[in-house]
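A short worksheet on the structure shown next.
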Amino acid sequence: MTPSLADDIAEVLISEAAIEARVRELAAEISRDYAENSLHLVGVLRGATIFLADLVRRLTIPVTFDFIAISSYGADTRSTGIVRLVKDLDESVESRHVLIVEDVVDTGLTLNYLLEVLRQRKAASVEVCALLDKPARRRVSAAAKYVGFTVPDAFVVGYGLDYAQRYRNLPYIGALRPEVYGG
Ligand code: PRP
């Protein structure tokens, strides 16, 4: 039989239908909150692309969006806490109402860095919308105003989230089998 990506998933944690319903709710809330202000979304490559693509299509207000990529110095980020800018935004955020769109807030290091950068660049306001929040792994304080789901400290993949760049195209969020990542 042809191997399937789904064979590596131990458990579906959040179904496609549950994601779709929650994205609609978040979009309704964001559309209400930004009814008076033009909204500029900043998607964090690469994990947030799928969430952002679905979210923007449910927003009923005019929006613009741009992307940024953040990475680590070597493989040791999680212990050193050092992050760096890999791909900058194309547009200025000065005086704009910015909403950072993330797939997951884990240690909080990425978000912390991004919030600092966007504030330095004089955005009018900066808020965060994260599909997933993994509070058990937090190392620095980082709170998202809009959160899709709070998840336990499992190795989650799908709907943009990867392991070794794979599984991003699964339409749901699942826990990876430990034998896949050597856990
Ligand atoms: C992941 C995720 C967030 C970040 C969260 O990105 O998309 O951007 O890590 O982790 P943190 O809270 O511990 O900083 P990753 O660097 O894996 O890149 P990717 O989006 O391309 O998968």
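The values are calculated or read from the model by the stated rules, or taken from the named source; none is laboratory data. This structure is a prediction, so every number in the text was calculated from the model and none was measured. Cβ atoms come from the backbone with ideal geometry, glycine included; neighbour counts cover every protein chain shown. Quick note on the areas: whole protein, heavy atoms, side chains included, nothing else; ligands and nucleic acids left out. Shrake-Rupley method; radii C 1.70, N 1.55, O 1.52, S 1.80 Å.
Data overview
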{"read-out": "Ser125 at pLDDT below 95, more than 10 Å from the ligand (Cβ to nearest atom) and surrounded by fewer than 17 Cβ atoms within 10 Å (Cβ to Cβ)", "value": "no"}
{"read-out": "Qualifying residue in the stretch 157-168 (condition: more than 28 Å from Arg57 (Cα to Cα) and either open to solvent by 50 Å² or more (accessible area, probe 1.4 Å) or within 15 Å of the ligand (Cβ to nearest atom) (or both))", "value": "yes"}
{"read-out": "Yes/no for Asp54 being open to solvent by less than 60 Å² (accessible area, probe 1.4 Å) and either at pLDDT below 95 or out of contact with any strand residue (DSSP E or B) (no Cβ under 6 Å at 6 or more places or on another chain) (or both)", "value": "yes"}
{"read-out": "Of residues in the stretch 126-143 being assigned to a loop (DSSP other than H, G, I, E, B) and of a type outside the set (A, V, I, L, M), the one farthest from Val101 (Cα to Cα)", "value": "Arg139"}
{"read-out": "Extreme residue, modelled with the lowest pLDDT, among residues of the stretch 75-114 that are near the ligand (Cβ under 9 Å from one of its atoms) and of a type in the set (D, E, K, R)", "value": "Arg78"}
{"read-out": "Search result, residues across the stretch 129-145 that are surrounded by 19 or more Cβ atoms within 10 Å (Cβ to Cβ) and away from the ligand (no atom under 11 Å from the Cβ)", "value": "Cys129"}
{"read-out": "Exclusive hit being of a type in the set (D, E, K, R), more than 15 Å from the ligand (Cβ to nearest atom) and in contact (Cβ under 8 Å) with a residue 24 or more places away in the chain, set Arg177, Arg119", "value": "Arg177"}
{"read-out": "Conditions (1) crowded, with 22+ Cβ neighbours inside 10 Å; (2) more than 13 Å from the chain's Cα centre (by Cα); (3) not hydrophobic (A, V, I, L, M, F, W, C): number failed by Gly148", "value": "(2)"}
{"read-out": "Among residues of the stretch 144-178, those that are among the small types (Gly, Ala, Ser) and in a loop (DSSP other than H, G, I, E, B), counted", "value": "4"}
{"read-out": "Pairs where the first residue, in the stretch 82-111, is in contact (Cβ under 8 Å) with a residue 60 or more places away in the chain and the second is part of a strand (DSSP E or B) and near the ligand (Cβ under 6 Å from one of its atoms), C-beta under 9 Å, 6+ apart", "value": "Val101/Val44; Thr110/Val44; Thr110/Glu102"}
{"read-out": "Output for the stretch 1-20, where each listed residue is among the aliphatic types (A, V, I, L, M) and open to solvent by 50 Å² or more (accessible area, probe 1.4 Å)", "value": "Met1, Ala10, Val12, Leu13, Ala17"}
